[in-house]
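Enquirer: Below you will find the structure I want to go over with you.
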Amino acid sequence: MKLKDIKTWVTVPPSGIGGSFWVIVKITTDNGIEGIGECYGIPVSGDIACAMVEDTFERFVAGEDPHHIETLFRRVYSAGFTQRPDVSMMGVFSGIEIAIWDILGKAHEEPLYQLIGGRFHERIRTYTYLYPKSPAVDGRPGRDAPDVYHDGDAAAERALEYIEMGFTAIKQDPAGPYSFQGGRELSLHELSRCEYNVRCIREAVGDRADILFGTHGQMTTSSAIRLAKRIEPYDPLWFEEPCPPDQMDAIGKVALATSIPIATGERLTTKIEFHAALKAGVSILQPDIGRSGGIWETKKIAVIAELYNAQIAPHIYCGPIAHAAAVHLSFSIPNFLILETIQTDFHDAILHKPLVWERGYMLAPTGPGLGIELNEQVIEDHPYTSGGRLHLEMCQSVLSSANEKIITDIE
């Protein structure tokens, strides 16, 4: 069995939840087995991302035995005389590698988790962001008012609705927006507003749900420590990426200064960068399987984390294919904590059978490989227009400590 052909799509989720577009991969073997994968967060236009995926496949993967995962990883990891973590190339490879594992599962007629250590958990716990409720998507996460990120009372009300759905953990990020400028010192007003949001949620949910405090690297070390001390009384499960991802020493200083576990990882790739996070004092790793190097590399990250008594909480902000891959990984690792999830009508629509939840927990797929089948027609009915937004964007304005835009000469 050899890897023969590749096809790529860029599809646009109507709600924008999960990113402005998804890069989807299909690989076919010379004996007709098809596997699907998904790349996460390649920081170029969707059409260029697809060209990168196709070029990488033809250069390093085509004609190879799909069992040779280690060889394929090392080829792409070292591409162009780099041999170091490269978030773009690992995003490219991760989508290809997920599709290859789907092929291997189908070839051996086993769910993917059976090939990477077997099923360790009976079910896996999931969490959701506090997305605004939108009637347009039947009560599932939407983008309409009220503002659950800046209005603590609205956040508490939405949190209760998710608990009624069965979730036992919810996440919000009231400290945005996220500017390209890097870490900044938040004003007293912004610190107080963040604290109020967490207090409102805790008072509403009591001990029925964990609170996950998300940030995206927008704070200096000192600002992150000040905020951590304010929210400690409300016992969050974690404080996420408080400083920029290229400031791992700063993240480590925050970890030493608070009792809240520090989580990070959605913008990291390969075992090398995650090992650096563990050494800095991060106790919850959040690899995104569509960027971290694929299923096998992320399994290695989980193994290394065991040596630090650290836990794995896979990040998901994508479509359902990478989501399904993260599900299989999660079922196989002893130090799994919780899995991020997204449920929208479009996530369900691009699969012939959607992923299965039961009261806030995810059940194990039973079919071979990823256990899902792509609805190609729905994907093609929602095409990407070349030159549009990136998968995710950062604010391109300089912001004050009050999160207000500062007019500069560059605008």
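The values are calculated or read from the model by the stated rules, or taken from the named source; none is laboratory data. Worth saying up front: this structure is predicted, and the values here are computed from it rather than measured. Because the Cβ atoms are built from the backbone with ideal geometry, glycine has one as well, and the counts that use them run over all protein chains shown.
Enquirer: I'd like to know if segment 247-269 contains one or more residues that are modelled with pLDDT of 95 or more, under 14 Å from residue 311 (Cβ atoms) and among the polar types (S, T, N, Q).
Expert: yes
Enquirer: Which residue out of 175, 228 is in contact with a Ser or Thr (Cβ under 6 Å, 6 or more places away or on another chain) and buried (at least 23 other Cβ atoms within 10 Å of the Cβ)?
Expert: None of the others qualify; the one that does is 175.
Enquirer: Mind listing whichever residues of segment 305-347 are of a type outside the set (Val, Ile, Thr), within 17 Å of residue 266 (Cβ to Cβ) and in a loop (DSSP other than H, G, I, E, B)?
Expert: 310, 313, 314, 315, 317, 318, 319, 337
Enquirer: On the basis of being out of contact with any Phe, Trp or Tyr (no Cβ under 6 Å at 6 or more places or on another chain), among the basic types (Lys, Arg) and closer than 27 Å to residue 347 by Cβ, does residue 4 make the cut?
Expert: No: the conditions fail for residue 4.
Enquirer: Residue under question is residue 298, and the condition is that it be under 26 Å from residue 273 (Cβ atoms) and assigned by TED's automatic domain parsing to the domain that holds residue 172; does it hold?
Expert: yes
Enquirer: So which of 225, 211 ends up being of a type in the set (A, V, I, L, M), in the same structural domain as residue 361 (by TED's automatic domain parsing) and under 24 Å from residue 125 (Cα atoms)?
Expert: Selected residue: 211, the only one of 225, 211 that is of a type in the set (A, V, I, L, M), in the same structural domain as residue 361 (by TED's automatic domain parsing) and under 24 Å from residue 125 (Cα atoms).
Enquirer: Identify the residue in segment 173-219 that is farther than 22 Å from residue 392 by Cβ and of a type in the set (Val, Ile, Thr) and, among all such residues, is nearest to the chain's Cα centre (by Cα).
Expert: 211
Enquirer: Of the residues that make up segment 348-370, is at least one in a helix (DSSP H, G or I) and surrounded by 17 or more Cβ atoms within 10 Å (Cβ to Cβ)?
Expert: yes
Enquirer: List the pairs whose first member sits in segment 90-103 and is under 11 Å from residue 23 (Cα atoms), whose second member is assigned to a helix (DSSP H, G or I), and whose Cβ atoms are under 7 Å apart, counting only residues at least 6 apart or on separate chains?
Expert: 92/52; 92/53; 92/56; 95/53; 96/53; 96/56; 96/57; 96/61
Enquirer: Using beta carbons and a limit of 7 Å, which pairs, at least six apart or on different chains, have the first residue in segment 265-283 and within 13 Å of residue 91 (Cβ to Cβ) and the second one assigned to a helix (DSSP H, G or I) and not aliphatic (A, V, I, L, M)?
Expert: Within 7 Å, the pairs are 268/274; 270/297.
Enquirer: Quick one: would you say residue 125 is surrounded by fewer than 21 Cβ atoms within 10 Å (Cβ to Cβ), at pLDDT 95 or above, of a type in the set (Lys, Arg) and closer than 30 Å to residue 210 by Cα?
Expert: So residue 125 fits the description; yes.
Enquirer: Only one of (1) surrounded by fewer than 24 Cβ atoms within 10 Å (Cβ to Cβ); (2) in contact with a Cys (Cβ under 9 Å, 6 or more places away or on another chain) fails for residue 218. Which number is that?
Expert: (1)
Enquirer: Looking at segment 316-347, which of its residues are without any contact (Cβ under 8 Å) to a residue 60 or more places away in the chain and either more than 16 Å from residue 128 (Cα to Cα) or outside the structural domain of residue 172 (by TED's automatic domain parsing) (or both)?
Expert: Once the filter is applied, which keeps residues that are without any contact (Cβ under 8 Å) to a residue 60 or more places away in the chain and either more than 16 Å from residue 128 (Cα to Cα) or outside the structural domain of residue 172 (by TED's automatic domain parsing) (or both), segment 316-347 yields only 335.
Enquirer: Answer yes or no as to whether residue 278 is modelled with pLDDT of 95 or more, under 15 Å from the mean Cα position of the chain (by Cα) and in the same structural domain as residue 211 (by TED's automatic domain parsing).
Expert: no
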